[in-house]
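A.B. asks: The structure follows.
The values are calculated or read from the model by the stated rules, or taken from the named source; none is laboratory data. None of the values given here were measured: they were computed from a predicted structure. Using ideal geometry, Cβ is built from the backbone for each residue, glycine included, and neighbour counts are taken over all protein chains shown. Heavy atoms of the whole protein, side chains included, go into the accessibility calculation; ligands, DNA and RNA do not. Shrake-Rupley method; radii C 1.70, N 1.55, O 1.52, S 1.80 Å.
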Amino acid sequence: QVQLVESGGGLVQAGGSLRLSCAASGIIFSLNAMTWYRQALGKQRELVARISSGGSTNYAGSVKGRFTISRDNAKNTVYLQMNSLKPEDTAVYYCNTDYYYRDYWGQGTQVTVSS
């Protein structure tokens, strides 16, 4: 079955960096677009960054220039490098993919940025 497992979250001071990873299994990873979402407490889930199967990327305006999404098809893993973190980046970050017209989500990883 399809599984997405995130890791790399934690507590960091404002201005710091974290790198999130999402390991995928049960899909033909190289053919799938992969997306990072986040959900802050009391807010709706929002798209953070997306990378296509060909490597094209899209970012939310709030993270553009600070976050970088990348993928390693040999490791079936997508990454989110987060630099210059701000307290408003605090959220649970989720990995997502659409496989055969069905949405799959990881369990999420908490990112907390202290001021």
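A.B. asks: May I ask you to list the residues in region 56-90 that are surrounded by 19 or more Cβ atoms within 10 Å (Cβ to Cβ), farther than 16 Å from Ser7 by Cβ and either touching a His at 6+ places or on another chain (Cβ under 9 Å) or of a type in the set (A, V, I, L, M, F, W, C) (or both)?
C.D. replies: Val63, Phe67, Leu85
A.B. asks: Quick check on my filter: what residues within region 18-47 are within 21 Å of Tyr99 (Cα to Cα) and in a loop (DSSP other than H, G, I, E, B)? Can you show your working first?
C.D. replies: Within region 18-47, the first condition is being within 21 Å of Tyr99 (Cα to Cα), and the residues that meet it are 21-38, 45-47.
Hits for region 18-47 are Gly26, Ile27, Ile28, Asn32, Ala33, Arg45.
A.B. asks: Separate question: In region 1-28, what residues are within 15 Å of the chain's Cα centre (by Cα) and among the hydrophobic types (A, V, I, L, M, F, W, C)?
C.D. replies: Restricting attention to region 1-28, the residues satisfying the condition of being within 15 Å of the chain's Cα centre (by Cα) are 3-10, 17-24.
The answer is Leu4, Val5, Leu18, Leu20, Cys22, Ala23, Ala24.
A.B. asks: Which ones in region 1-17 are under 13 Å from Tyr94 (Cβ atoms) and either open to solvent by less than 30 Å² (accessible area, probe 1.4 Å) or assigned to a strand (DSSP E or B) (or both)?
C.D. replies: Passing the criteria: Leu4, Val5, Glu6, Ser7.
A.B. asks: Any chance region 48-60 includes a residue that's under 16 Å from Lys86 (Cβ atoms), in a strand (DSSP E or B) and in contact (Cβ under 8 Å) with a residue 60 or more places away in the chain? If you could, list the steps in order and put the result at the bottom.
C.D. replies: So the first thing to find is which residues in region 48-60 are under 16 Å from Lys86 (Cβ atoms), and the list is 48-49, 59-60.
Retained after the next criterion (residues that are in a strand (DSSP E or B)): 48-49, 59.
Still in the list and also in contact (Cβ under 8 Å) with a residue 60 or more places away in the chain: none.
Checked against the condition, which is being under 16 Å from Lys86 (Cβ atoms), in a strand (DSSP E or B) and in contact (Cβ under 8 Å) with a residue 60 or more places away in the chain, region 48-60 yields no hits at all.
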